[in-house]
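Just below is one structure, and these are the notes that go with it.
The values are calculated or read from the model by the stated rules, or taken from the named source; none is laboratory data. Predicted model, so just to flag it, every value in this text is computed and none were measured. With ideal geometry, Cβ positions are generated from the backbone for all residues, glycine too; neighbour counts draw on all protein chains shown. Accessible surface is based on the protein model in full, side chains and every heavy atom, while ligands, DNA and RNA are left aside. Shrake-Rupley method; radii C 1.70, N 1.55, O 1.52, S 1.80 Å.
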Amino acid sequence: MRVLRYTLRSWIALLVSSGLVAGCTRDAVTCQSVKGYNLVVVNIDTLRADHLSYTGYGRTTSPFIDSLAAQGVRFDNALANSSYTRESVSALLSGRLPSRSGAVGWTAHPAADAPVLGEIFQAAGYKTGFFSNTTMLTDAAFTRGFEAVEHLARNQSVGPSRTGGKLSARALQFVQQVGGHPFMMYLHYLDPHAPYDPPPDLYLKFAGTMSPNPLDLYRDVRPNCAKLVADGFGPGEARFEDLVARYDAEIADTDRAIRALFEGLRAQGVLNRTLVVVTADHGEEFLEHQFVEHAWTLYEESIHVPLILWAADAFAPTRIAARVSQIDVLPSLLTLLEVTAANVDFDGSALFARRGSCVNSVSPNHPYVGELLIRERSVVRALVEDDWKYVGAQRWLTPNERPRAADVEVDLRKGGGIGPGDPWGPVVHEELYDLRADPHEQAPIPIESSSYGRTLREHLQVYIKSCRDRGDRRANQPPADLSPEDRERLRALGYLD
C-alpha cells in the first residue's frame, strides 16, 4: 500500500477507500428543532457502560439514567478515547485525539489552538458554567470559555465519595443565577471512582450485609493483586463481590444525584428546553484481564462508556449500534443546537445530519482510535473498525509489573527504572481481536495470520506518523516535574503511591 502524504485526513481517506469506514444515514431522531436549547453535559467518572441496568446488568444501579436512555438517543457502542481522565476529557471538550493535539500523559489538557466546548458556546451567546467533583481538571485549559468555574473537591473536608448531590446543587444555583438566559454547563461527577465509599443504604441494597474487612482498591488490591487472585480473589469470592458491590452502589448514588439535578431543572422551569448529554470519561477493570482499576489498558471494560442524549419530548426513542467515541460529541452538539464555530478542526464527526426539517443519525466517518500515553505506565493505542480491534503498545506493563508503576515513576527521576515509554517508538506489544466473536477480548488472534490485523497495524502506523510529522512534540517530551499540588491530586485518586 502506497501512502504519499501522511496527514490525518489522508489517513481517514485511506480507510474509506479500503472499505474500513462507511458512513450511513439512519432514520430521523427528531423533527423538532432544539436550536436555542440549554445544554448540560454530564460526565461521570469511571463509569463502565455494562454496569448500568439499562444495558442488562444484573443489579438496578441506574433507574433514573435508565429512564433517560429509554426516552432519548442511546448509543450502545460509545467508546472513550482514553482510559485516563485528563486525556479523555480533553478529547471530549475539543473533539480532537490525544496524539494529534498533544493532550497526553499525567498533565494532559486541551491544546491552546483547539477551540473547546466552553469557548464555542460562550461565543454563541450562552452563559457557561464548569463544575466538578474531581481535582484532575483544575488546569485552566479545561475551563476556557466558562464564566463560572468551581472545583468542589478543593473545598470539601470529606472524602471524594458521596459528593454528587453537592455538585447537582451547585449546578442548580448557577441556573438560577443566569435568570432565564440560555446556558451551557459541564458537570463532572467523581463517583464511581475509587475509593469506593457509597452511602450505607445503597451499599446494603447490593451487598446485603456490611463487610467486616472491606478491601481498599489502592492500598490492598493493586499492590497485592496477583497474590489475591492466587488465593481465590475474583468473581464469586466474598471480598471481590464486596468491592464490586461498593462500586455499583456509587453508581446508584450518582444516579440519585442526577435525578436531583433533573428535578431542580424542572422546578426552575427550564428542563423542557434543555438538551442533556450523559456520558463517562472511562470505565473500570475488575480482573477481566488480570488487573483492576483504569489507566492501564484500552480493553473494552476500560473504554466502553454510556452516551445518552435527552431532550424532553424532542427525540424519538432511538438506539444506535454504530461505534462512536468522545471526539464525536462536540461536533454532534453543534449540529443539533445549530451552533456555528470558527477555526474548529475536529478529529470526530457529527453523529447527526439535517434532512429537510428533520435530523437523522449518521455513522461516524472515521475509525475508533484510543490512546493511553502515560509514559511511566502504558503507552498504548487501539484502532477499531468493522468489529476488528488492533492494539499496539510502545510500552506495555504486564499485570505483575503494574503494581510497581508508581515506584518506576520515582525511579525514573533518579535515573533508574525500566525507562519511560516513547509514544513515537517501535511497537513492543500487539494484540488483535474479533469483537463480534470475542467481545470480551479473551482470545487474541496472531497478527500475521489475519489480513485485518496487518492492515490495521499499517493504518495505525500511518496515524502515528501523521501526528509525529505535524510537529507537536509534547507527547515525546520527558516526564514533566509534577508540582506538589498535582502530585497530591494524583495520589488522592490512586494514580501515585
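In the range 206-238, how many are within 15 Å of PRO399 (Cβ to Cβ) and among the β-branched types (Val, Ile, Thr)? Selection size over the range 206-238: 2.
None of ALA382, ALA393, ALA353, ALA405 is touching a residue at least 12 places away in the same chain (Cβ under 8 Å) and in contact with a His (Cβ under 6 Å, 6 or more places away or on another chain) except ALA393.
Would you call ALA108 open to solvent by less than 10 Å² (accessible area, probe 1.4 Å), closer than 19 Å to ASP347 by Cα and at pLDDT below 95? Yes; evaluated as a whole, the condition is true for this residue. Does at least one position in the range 390-397 carry a residue that is of a type in the set (Val, Ile, Thr), open to solvent by 10 Å² or more (accessible area, probe 1.4 Å) and assigned to a strand (DSSP E or B)? No, the range 390-397 has no match at all.
For (1) open to solvent by 10 Å² or more (accessible area, probe 1.4 Å); (2) within 23 Å of ARG59 (Cα to Cα); (3) part of a helix (DSSP H, G or I); (4) at pLDDT 95 or above, each residue gets a yes or a no:
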residue: THR209; (1), (2), (3), (4): yes, yes, no, no
residue: PRO212; (1), (2), (3), (4): yes, yes, no, no
residue: ARG239; (1), (2), (3), (4): yes, yes, yes, yes
residue: ASP242; (1), (2), (3), (4): yes, yes, yes, yes
residue: ASP255; (1), (2), (3), (4): no, yes, yes, yes
residue: ARG266; (1), (2), (3), (4): yes, no, yes, yes
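Only one entry of TYR218, TYR196, TYR247 meets the criterion of being part of a helix (DSSP H, G or I), among the hydroxyl-bearing types (Ser, Thr, Tyr) and open to solvent by less than 20 Å² (accessible area, probe 1.4 Å), and that entry is TYR247. Of the conditions (1) of a type in the set (Asp, Glu); (2) open to solvent by 60 Å² or more (accessible area, probe 1.4 Å); (3) modelled with pLDDT under 70, ASP411 clears all except one; give me its number. So the condition that ASP411 fails would be (2).
Only a single item in (1) farther than 17 Å from THR274 by Cα; (2) buried (at least 18 other Cβ atoms within 10 Å of the Cβ); (3) modelled with pLDDT of 95 or more is not met by LEU187, and it is number (1). Of the residues making up the range 424-459, those that are in contact (Cβ under 8 Å) with a residue 12 or more places away in the chain and among the hydrophobic types (A, V, I, L, M, F, W, C) are TRP424, VAL427, VAL428, LEU432, LEU435, ILE445, ILE447, LEU456.
For residues that are assigned to a loop (DSSP other than H, G, I, E, B), of a type outside the set (Gly, Ala, Ser) and surrounded by fewer than 18 Cβ atoms within 10 Å (Cβ to Cβ), tally how many sit in the range 315-364. The qualifying residues number 6.
Could you list, ordered by first residue, the pairs with Cβ atoms under 7 Å in which the first is in the range 205-221 and in contact (Cβ under 8 Å) with a residue 12 or more places away in the chain and the second is assigned to a helix (DSSP H, G or I) and open to solvent by 40 Å² or more (accessible area, probe 1.4 Å), at least 6 apart or interchain? These pairs meet every condition: LEU215/ARG239. Residues in the range 123-136 that are crowded, with 21+ Cβ neighbours inside 10 Å and modelled with pLDDT under 95 were compared, and the one that is nearest to TYR189 (Cα to Cα) is ASN133.
Could you identify the single residue in SER90, SER132, SER62 that is more than 27 Å from ARG256 (Cβ to Cβ) and among the hydroxyl-bearing types (Ser, Thr, Tyr)?
Numbers: SER132 fails: more than 27 Å from ARG256 (Cβ to Cβ); SER62 fails: more than 27 Å from ARG256 (Cβ to Cβ).
The conditions single out SER90.
Checking ARG100, ARG162, ARG74 one by one, the residue that is open to solvent by 10 Å² or more (accessible area, probe 1.4 Å) and closer than 21 Å to GLU250 by Cα is ARG162 and no other.
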